[in-house]
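Asks: This is the structure, below, for whatever I ask next.
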Number of protein chains: 2
Amino acid sequence: MPDFIYKGKVYYNPVQFVMEMIGGTWKAPILWRLRNEVKRYGELRKDIPHISDKMLTTQLRQLEADGLISRKVYAVVPPKTEYALTVKGKRLMVIIEQIREYGLELIEEEKKNNEIK
Amino acid sequence: MPDFIYKGKVYYNPVQFVMEMIGGTWKAPILWRLRNEVKRYGELRKDIPHISDKMLTTQLRQLEADGLISRKVYAVVPPKTEYALTVKGKRLMVIIEQIREYGLELIEEEKKNNEIK
DNA sequence: ACTAATACTCACCTAAAGGTATGTATTATA
DNA sequence: TATAATACATACCTTTAGGTGAGTATTAGT
C-alpha cells in the first residue's frame, strides 16, 4: 500500500485515512446521533453531553468537508440548520456500531475485573 | 450511557474508549502487522514505513498496558524482544479489517473523482 | 427600547501527539 | 582495541486537538 494524498495531507495506509475521518473525541458521537434521524444544531448540542459550541461547529464542518454529512440551512429567524448523514456517512454506521459493541464488552469486563480486586 | 473511568481518564462513551486504544497514527499499523505473526521489534521497525524508534516504543508500551499485545524479552545479546497479539487484541482484528476495507473503497472512489476532474 | 431564540464566530490558552537527532548497554567476534 | 547488533531511552521542538468564555446577527413579540 503506497502513501495516499487527500486534501494536501499524506496518509500512510487506508486505516489511518478512515481514522482521521471518524477519530477524535466528537466525530463518532455526532455521526451516531444522526444514524436514523435528521437533527438540528441545537438538538445535537443538547444530545451530546460535554460538547461545546466550538467543538460541535468545527467537527460538523469537517464531517461536511469529508462528505459524511449534509447541511441544510433554512433562511428563517431565529436560524435553523439541519444535519443528516450522506450515503458515504451511512456506510460508516456498521463500523461505528461494531466499535461500540466491542467497547461495551470491554467496559463490562473492566467492571468485573475491578469487582474481583 | 454514563461516563466511564479507566486509568484515571474519563470517557464519554464506548466508542471513544476503543478509539483511544487503536487511534493515532501508529497503533493500527502495529496491530495489523501482528495479526497472524509474532514479530520482533526490529521487524516491526522495518515493516512499518516512516515510523521512528520513539513512536514504535511508546505505542508498543501503550498497547501492552491496554492488554492488546504481549511482550516477551529474551535475555540474549544483542537483545531480542517478541511482540504478539493477545486474545483481547485479536478481537480487534475484525474491526480494523473493516475499517481498512472501507478505507480502500474510499481511496478508489477518490481516485475516480480525481480522474474525472 | 428590550428581550428571546438560534447557530454560530473569535480570541486565548493548555495539553497531548508526534517528529528529529543523538546516546546507551551488552557481548561476541575480527 | 574496535566494531557490529539490537532494542531501546532522552532531550528538544513543532503541530494539532481541545477547552473556556465571550460576542454577534436577525427578527418577532412585549
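Yes/no per residue for (1) in contact with a helix residue (DSSP H, G or I) (Cβ under 6 Å, 6 or more places away or on another chain); (2) of a type in the set (D, E, K, R):
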position: A:33; (1), (2): yes, yes
position: A:40; (1), (2): no, yes
position: A:43; (1), (2): no, yes
position: A:59; (1), (2): yes, no
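Asks: For the stretch B:93-117, which positions are more than 14 Å from chain A (Cβ to nearest Cβ) and either surrounded by 15 or more Cβ atoms within 10 Å (Cβ to Cβ) or acidic (Asp, Glu) (or both)?
Replies: The answer is B:115, and nothing else.
Asks: Can you pull out the residues in the stretch A:1-21 that are more than 9 Å from the chain's Cα centre (by Cα) and in a helix (DSSP H, G or I)?
Replies: Step one: list which residues in the stretch A:1-21 are more than 9 Å from the chain's Cα centre (by Cα), which gives A:1-20.
Result: A:14, A:15, A:16, A:17, A:18, A:19, A:20.
Asks: Just to verify a result, which residue in the stretch B:73-92, among those that are open to solvent by less than 20 Å² (accessible area, probe 1.4 Å) and within 14 Å of chain A (Cβ to nearest Cβ), is nearest to DNA strand D (Cβ to nearest atom)?
Replies: Of everything passing the filter in the stretch B:73-92, B:89 is nearest to DNA strand D (Cβ to nearest atom).
Asks: Of all residues in the stretch A:1-11, how many are at the interface with another protein chain (Cβ under 7 Å from one of its Cβ atoms) and either more than 15 Å from DNA strand D (Cβ to nearest atom) or modelled with pLDDT of 95 or more (or both)?
Replies: Summing the residues that are at the interface with another protein chain (Cβ under 7 Å from one of its Cβ atoms) and either more than 15 Å from DNA strand D (Cβ to nearest atom) or modelled with pLDDT of 95 or more (or both) in the stretch A:1-11 gives 1.
Asks: Where residues in the stretch A:12-38 are in contact with an Asp or Glu (Cβ under 7 Å, 6 or more places away or on another chain) and over 16 Å from residue B:32 (Cα atoms), which of them is least open to solvent (accessible area, probe 1.4 Å)?
Replies: A:21
Asks: Hey, another quick one. For the structure I just gave you, tell me whether residue B:41 is out of contact with any Leu (no Cβ under 9 Å at 6 or more places or on another chain) and either open to solvent by 20 Å² or more (accessible area, probe 1.4 Å) or among the aromatic types (Phe, Trp, Tyr) (or both).
Replies: For residue B:41, the condition - out of contact with any Leu (no Cβ under 9 Å at 6 or more places or on another chain) and either open to solvent by 20 Å² or more (accessible area, probe 1.4 Å) or among the aromatic types (Phe, Trp, Tyr) (or both) - is not met.
Asks: Just checking: which of the helices (runs of 4 or more DSSP H) contained wholly in the stretch B:22-72 hold 2 or more residues that are more than 14 Å from chain A (Cβ to nearest Cβ) and within 11 Å of the chain's Cα centre (by Cα)?
Replies: B:53-65
Asks: A further question on this structure: Kindly check whether there is at least one residue in the stretch B:96-103 that is part of a helix (DSSP H, G or I) and within 12 Å of DNA strand C (Cβ to nearest atom).
Replies: No, the conditions are met nowhere in the stretch B:96-103.
Asks: Answer yes if at least one residue in the stretch A:49-69 is more than 16 Å from DNA strand D (Cβ to nearest atom), without any contact (Cβ under 8 Å) to a residue 24 or more places away in the chain and either surrounded by 13 or more Cβ atoms within 10 Å (Cβ to Cβ) or farther than 30 Å from residue B:88 by Cα (or both), and no otherwise.
Replies: Scanning the stretch A:49-69 turns up at least one residue that is more than 16 Å from DNA strand D (Cβ to nearest atom), without any contact (Cβ under 8 Å) to a residue 24 or more places away in the chain and either surrounded by 13 or more Cβ atoms within 10 Å (Cβ to Cβ) or farther than 30 Å from residue B:88 by Cα (or both).
The values are calculated or read from the model by the stated rules, or taken from the named source; none is laboratory data. As the structure is a prediction and not an experimental result, all values here were calculated from the model. In this analysis, Cβ positions are derived from the backbone assuming ideal geometry, glycine residues included, and neighbour counts consider all displayed protein chains. In case anyone asks, the SASA skips ligands and DNA or RNA and just uses the protein heavy atoms, side chains included. Shrake-Rupley method; radii C 1.70, N 1.55, O 1.52, S 1.80 Å.
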